[in-house]
Amino acid sequence: MIVSCLGIGIGAGARIAIGEAYLLCHGPVCVTPSWIPPEAVDAEIARFENAVEQASKQLQAIRDQIPPDTPGEISEFIDSHLLMIEDKALSSGVISLIRQRYASAEWALQQHCNALVEVFEQMHDAYLRTRRDDLIHVAQRIQKVLLEQHDSEPEELQGQIVLAEDLSPADVILLHNQRVAGFVTEHGGPMSHTAILARSLGIPAVVGAQGAGQVLRHGELLILDTDHGCVLAKCDQAVVDHFQDRREYDFRRTALLRQSVREPACTRDGHHVQLLANIELASDVQSAVENGADGIGLYRTEFLFMNRADLPDEQEHYETYCDVIRGLPDRPIVIRTLDLGADKPLAGTRDGGGCGNPALGLRAIRLCLKEVELFKPQLRAILRASVLGDVRIMLPMLTNLWEVQQTRALLRRCMQELDAEGESYNPKIPLGGMIEVPAAALAAPVFAQALDFLSIGTNDLIQYTLAIDRVDNEVNYLYDPFHPAVLQLIKGVIDAGRKAGVPVSMCGELAGDPRFIPLLLGLGLGSLSMQPAALLEARQLIRELDARTLRAKTADFMAHLYTADPLTLLGHWDH
Ligand code: PEP
Ligand code: MG
């Protein structure tokens, strides 16, 4: 019988993944009560004893790998855990719960551990109380063996589907480097940076699949169907064949679309749409080129800061930007300044500096203007790189006009320094801003006066307008790009740009969503920036559309925004 669990599918280009499950466990183990039939007691005790032996071997292996110059306390610490694991007092309590109460090994261990922890907590001696933590660590190590969970990324994950409670954007980069076939997380939303990165790197994924860790087993064959946000296990051969055929179909369709990659993205009535790529790493430029991007509409530079303890210096920023510019010479390259914070914390800090609501906290331009020493090397590096191509600067999360003014003042200071050092730069480098905070969208005419271009960041704009945390899977169901408030804001920004004669683009995920593109063209948007893998489908779609008809339909729809049934909207855009 097929086992399935549901989440939200993240796929672009590659939408199906087939591979063995790899259970990755970063956090604490969660054990729920479970029991065994009386006849399974001996086998369960053997399972428990085997897990104790495995856990003990793991610790011995760790101790054997300790470099000789490591302080002695480290190996003593591991020895104390080894002693605890091998202590008969720990095992005997668990075994008697299995034998007398028919508890499963993991549940018996959990109960026994809880009882011992309580005893430790009542002790007055501070040292003995700390042994309580050792006990918990030891029990968790045995639990992880019983539940077949693994603590850290192994050497070889190629072709496997990683299953984790949650993954950070930084983890996704590591998984990509290990060439995983896909991943499943129990938490997270489709607009989280983890999901965006998976799309961008072409890793099929299902996020927010609650309970996946309870029903899926390490090593079993899994199928990810990102169109339906579905993870399947225990499939018979016919089902596997079906999904292999679908995967083949996707490969063939991508190859077919690639043939028209050099065709202009023009509607049937000759309206040209600029198609730009969103990238996270300099190496993504390759994929932008292969998929026919007209330039880079969003380079998320904060990824330069991930998976490392130190900070990149000006020269590293500069060399990375040069790589991107050389990859797409003579094309616009929009470098977004650091959007650190929230789910992309700066190394060594907690998200949002540990504040209660990091998405509303000290992130993006707010952090940069406060920590000028973080910001200036980036601005100087962009300026130096600006002589190599059509480089533009874009500021994230603008809320107040003075954030633009302060940045301009800082840019002037950097230019003066570069003048004094004899470095060249483009003194007229365009400065644009992301409109992703509702206040900025409402005040778009003001920002349009102060900036050279605007780009609508719908991921955050929707998060803030609808008051839903984009990484919280509990409120994913409220994510509604067709909400009248969201549509009004988007329209307002496009209109403000048109009136001021300032170009407007969109770089949120909606820009690459084929369900949304007709509406965006109907609203008069002429530039879309999306993950490279979405460019092929977008180009194909645009070539089938008629801009004049879309404008008329959109005007009609917007006039009835508060009375139209949103569910009819998708049909409304049938072309
Ligand atoms: C957005 O918010 O729409 C956006 C493009 O920026 P990010 O997803 O990096 O926050
Ligand atoms: Mg954003």
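The values are calculated or read from the model by the stated rules, or taken from the named source; none is laboratory data. Remember, it's a predicted structure, so these values are computed and weren't measured experimentally. When we count neighbours, we look across all protein chains shown, and the Cβ atoms used for this are built from the backbone with ideal geometry, even at glycine. Surface accessibility is based on the protein's heavy atoms, side chains included, excluding ligands, DNA and RNA. Shrake-Rupley method; radii C 1.70, N 1.55, O 1.52, S 1.80 Å.
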In this structure, does A209 turn out to be assigned by TED's automatic domain parsing to the domain that holds I10, closer than 29 Å to Y464 by Cβ and open to solvent by less than 10 Å² (accessible area, probe 1.4 Å)? yes
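What helices (runs of 4 or more DSSP H) lie completely within region 174-275 and have 1 or more residues being farther than 28 Å from S529 by Cβ?
Working: elements: 193-201, 212-215, 237-258.
Helices (runs of 4 or more DSSP H) meeting the threshold: 212-215, 237-258.
Which residues, counting only those in region 506-517, are away from ligand 1 (no atom under 14 Å from the Cβ) and at pLDDT 95 or above?
First pass over region 506-517, keeping only residues away from ligand 1 (no atom under 14 Å from the Cβ): 514-515, 517.
Scanning region 506-517 gives a single hit, I517.
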Taking the conditions exactly as written (in a helix (DSSP H, G or I) and over 20 Å from G297 (Cα atoms)), does P427 satisfy them or not? no
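Quick check on R336: is it modelled with pLDDT of 95 or more, charged (D, E, K, R) and touching a Leu at 6+ places or on another chain (Cβ under 7 Å)? Lay out the reasoning, then the answer.
Numbers: modelled with pLDDT of 95 or more: yes; charged (D, E, K, R): yes; touching a Leu at 6+ places or on another chain (Cβ under 7 Å): yes.
Spelling it out, R336 is indeed modelled with pLDDT of 95 or more, charged (D, E, K, R) and touching a Leu at 6+ places or on another chain (Cβ under 7 Å).
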Do we have I335 as buried (at least 20 other Cβ atoms within 10 Å of the Cβ) and touching a His at 6+ places or on another chain (Cβ under 8 Å) here? no
So, first residue closer than 14 Å to G213 by Cβ in region 179-196, second residue within 12 Å of ligand 1 (Cβ to nearest atom), Cβ within less than 7 Å, six or more apart or across chains; the pairs are G188/T194; G188/A195; G188/V471
State all residues of region 430-450 that are outside any helix (DSSP H, G or I) and within 16 Å of ligand 2 (Cβ to nearest atom); if no residue qualifies, say none. G432, G433, M434, I435, E436, V437
Filter region 124-158 down to residues that are at pLDDT below 75 and part of a loop (DSSP other than H, G, I, E, B), then give me how many there are. 8
Take the residues in region 451-466 that are open to solvent by 30 Å² or more (accessible area, probe 1.4 Å) and in contact with a helix residue (DSSP H, G or I) (Cβ under 8 Å, 6 or more places away or on another chain), then tell me which one is nearest to ligand 1 (Cβ to nearest atom). Y464
Which numbered condition T194 misses (of (1) more than 16 Å from ligand 2 (Cβ to nearest atom); (2) open to solvent by 10 Å² or more (accessible area, probe 1.4 Å); (3) under 22 Å from N476 (Cα atoms)): (1)
Hey, Y477 hits all of (1) surrounded by fewer than 17 Cβ atoms within 10 Å (Cβ to Cβ); (2) within 16 Å of ligand 1 (Cβ to nearest atom); (3) aromatic (F, W, Y) but one; which does it fall short on? (2)
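Determine which member of the set E39, E49, E44 is at pLDDT 75 or above and more than 30 Å from L83 (Cα to Cα).
On the way: E49 fails: more than 30 Å from L83 (Cα to Cα); E44 fails: more than 30 Å from L83 (Cα to Cα).
The unique qualifying residue is E39.
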Which numbered condition A89 misses (of (1) at pLDDT 80 or above; (2) surrounded by 13 or more Cβ atoms within 10 Å (Cβ to Cβ)): (2)
Being more than 16 Å from ligand 2 (Cβ to nearest atom) and within 23 Å of I296 (Cβ to Cβ) narrows S527, S505 down to just S527
